[in-house]
Amino acid sequence: MTVFKYFWKIIITRKTSILLMAGIFMVLNIFFVQNAEEVSEVNASESTIAIIDGDHSRLSTGLSHYLEERHTLMELENNEAVLQDALFFGQVTYILIIPDGFENDFITSPQNARLENLQAPDSFVAVFIDNQIEDFLVHINTYLSASFEMDQAIENTMADLNLGVEVEVLQGRIIDNSMFHFQFLAYFFLAVVTVAISPIFFTFNKKDLARRNDCSSLSMVNRNMQITLGCAIAALGLWLASFIPMFIFHGNEVFTTVTLFRAINSLALLTVALGIAFLLGNLLGNDDALQGASNIIALGLCFLTGVFVPQEFLGSQILMIARFLPTYWYVRGNTALSGMVELSGEVAQMFWEGLLIQLGFAVVLFAVTLVIIRQKKLKAVV
């Protein structure tokens, strides 16, 4: 098992790069999981806001009452320094300024009526409040367009917007927080596997070493089997190690059916990552080229297919291109499992379809690599 032992010596020399990529993966996991929790916990009804009413009309008064029912109002002097200080010291997160003549402008031309606001930087709450104000004004405009008087329009709008919605969690679906872990696992596999495995082939493909191996008593089949065994064990160890953050951040979701299928999905992507590592290891010749190619491939596949940006936010043209990339199908299967208790129906079809496509990509990558190896052998003979 000389080749197998030498394989691990080469892997150990890459420990710095592997640990660096593992650290990036952990940071991404922590950042996006905490960010998701913060967004899910944002509740706009708990905000402290101020309203500077310069119009004192029926519409401005109605809007103030509407916001007062949903937020804590603080009275502030209409002074720029006072308002800026209130935002700076966190006394309020949002200040609505209603200019004089707002109601008249709104009745005459709703699209030209303008409200002003001051808000804390990077405030999630401000987005909610803006949406609430827009919702209120859209309702008012709808009633005014139907020939209602302003007082009646305000009364009907308040009644409409105060209607509650009863939310029921459907049986068969659960809250799922582990999706982020498996989502960013794609970047981890693509980056780490190529950095760890490809240099193995750089070493064994060196002309002098390859000739010595060809002259040794160890057959080429035996040598390749030892390299393949080393790659399989290294990849499996990496796959198992990737569950450590899962236990840390989502311990209650580890032993679930969804996690099992996500793990199977990640194994398919790991196979694709191995195929890329084999291809780069036999196509390139040095570490500098590998680092550049690895970063471009890992980041490109992740940005284009929905690993870092959800697929629903990507344009149709980008998604059309993404369909020809393996990580698209990995992300598609991963997100399809969100909230599911068991794999069934359309979700099951989508999952297995994506899994088979990923394995198809892996087969193509290994086949192309074998062709490249054969061509190199023929050139060496000639």
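The values are calculated or read from the model by the stated rules, or taken from the named source; none is laboratory data. On a predicted model such as this, the values are computed, not experimentally measured, just so you know. In this analysis, Cβ positions are derived from the backbone assuming ideal geometry, glycine residues included, and neighbour counts consider all displayed protein chains.
Whether a residue is modelled with pLDDT of 80 or more, within 14 Å of the chain's Cα centre (by Cα) and surrounded by 14 or more Cβ atoms within 10 Å (Cβ to Cβ) was assessed, and Leu283 does not pass this test.
Quick check: anything in the stretch 155-171 modelled with pLDDT of 85 or more, touching a helix residue (DSSP H, G or I) at 6+ places or on another chain (Cβ under 9 Å), surrounded by 21 or more Cβ atoms within 10 Å (Cβ to Cβ) and outside the structural domain of Pro245 (by TED's automatic domain parsing)?
Yes, the conditions are met somewhere in the stretch 155-171.
Of note, Asn265 satisfies the criterion of being surrounded by 21 or more Cβ atoms within 10 Å (Cβ to Cβ), under 20 Å from the mean Cα position of the chain (by Cα) and either aromatic (Phe, Trp, Tyr) or assigned to a helix (DSSP H, G or I) (or both). Filtering the stretch 73-90 to residues that are in contact (Cβ under 8 Å) with a residue 12 or more places away in the chain and surrounded by fewer than 13 Cβ atoms within 10 Å (Cβ to Cβ) leaves Glu75, Asn78, Gln84, Gly90. Restricting attention to the stretch 3-27, which residues are farther than 15 Å from Ala196 by Cβ and hydrophobic (A, V, I, L, M, F, W, C)? Listed by number, the residues that qualify are Val3, Phe4, Met26, Val27.
Residues that are touching an Asp or Glu at 6+ places or on another chain (Cβ under 6 Å) and either in a helix (DSSP H, G or I) or of a type outside the set (A, V, I, L, M) (or both): does the stretch 85-100 have at least one?
So far as the stretch 85-100 goes, yes, one or more of its residues are touching an Asp or Glu at 6+ places or on another chain (Cβ under 6 Å) and either in a helix (DSSP H, G or I) or of a type outside the set (A, V, I, L, M) (or both).
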